[in-house]
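Only one structure is covered here, and it is reproduced in the block below.
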Amino acid sequence: MAFSATTLSSTEGRILDAAKSCCERWGFAKVTIEDIALESGVSRATLYRLFPGGKDVLFDALRVRELEEFFALLASQGETTDNLEDLLVATVVAATTELRAGEHLALMMASEPGEALSQLTVAGLPRIIRMATVTLTPLVGSYVPPKTATRLIDVLARLTISYFLAPSDDVDLGDESSARAFLRPVIAVLAPSPAVSSPSP
């Protein structure tokens, strides 16, 4: 079943808020459907009707909502730039800053590191790449061909997650000047043709 933050009902949104709150309080593995129903103020029957399959489906919907909100924020950062390098640097810096500041992610990393790491790597990375591609390709595609845009987004998403999980003493992707110095040669390799200085009309 596919979920989208833009099509959730108010009750579904309240249930997801409750699931997130319960996760932060007790950890992913310990949260039960009963906990979420009590926290959200809805019955178990309503919860199962809205999220057939129970906890697994509900938490999958929560992950989708979190990703949609995350990438919507990144897209808004890119709307104020007028060249490819500035766009990509602003996006990577914003992504790194949000990852570091995210209270939910921090709590999940502390209480359920295996689950959190899985959602940023093996289990969750394909979804992250897909969401990044869908959300950011319209912006990046204003400067380079679609295949190049897809390649740029894929590599930069992987780099951002990698440097978040294993910080470097030499590269800080949350700092604009450090990120720019690191990303400039990467962008040059992935988009070798002369970059358009402004979006296509």
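The values are calculated or read from the model by the stated rules, or taken from the named source; none is laboratory data. It should be emphasised that the depicted structure is a prediction, and the values quoted were computed from it without experimental measurement. Please note that ligands, DNA and RNA were not included when accessible areas were found on the heavy atoms of the full protein model with its side chains. Shrake-Rupley method; radii C 1.70, N 1.55, O 1.52, S 1.80 Å.
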Regression test value, accessible area per residue of region 50-103, probe 1.4 Å, units Å², expected 41 Å²
If you count only protein heavy atoms and use a 1.4 Å probe, how large is the accessible surface of Glu176, to the nearest 10 Å²? 90 Å²
Mind ranking Tyr163, Tyr48, Tyr143 by accessible surface for me, highest first, 1.4 Å probe? Tyr48, Tyr163, Tyr143
Check the straight Cα-Cα distances from Lys30 and name the lysines below 16 Å, setting aside those fewer than 8 residues away within the same chain. Lys20, Lys55
Roughly how many whole Å is it from the C-alpha centroid of region 170-187 to that of region 77-104? 12 Å
Determine the order of Leu165, Leu173 by accessible area, beginning with the largest, at a probe radius of 1.4 Å. Leu165, Leu173
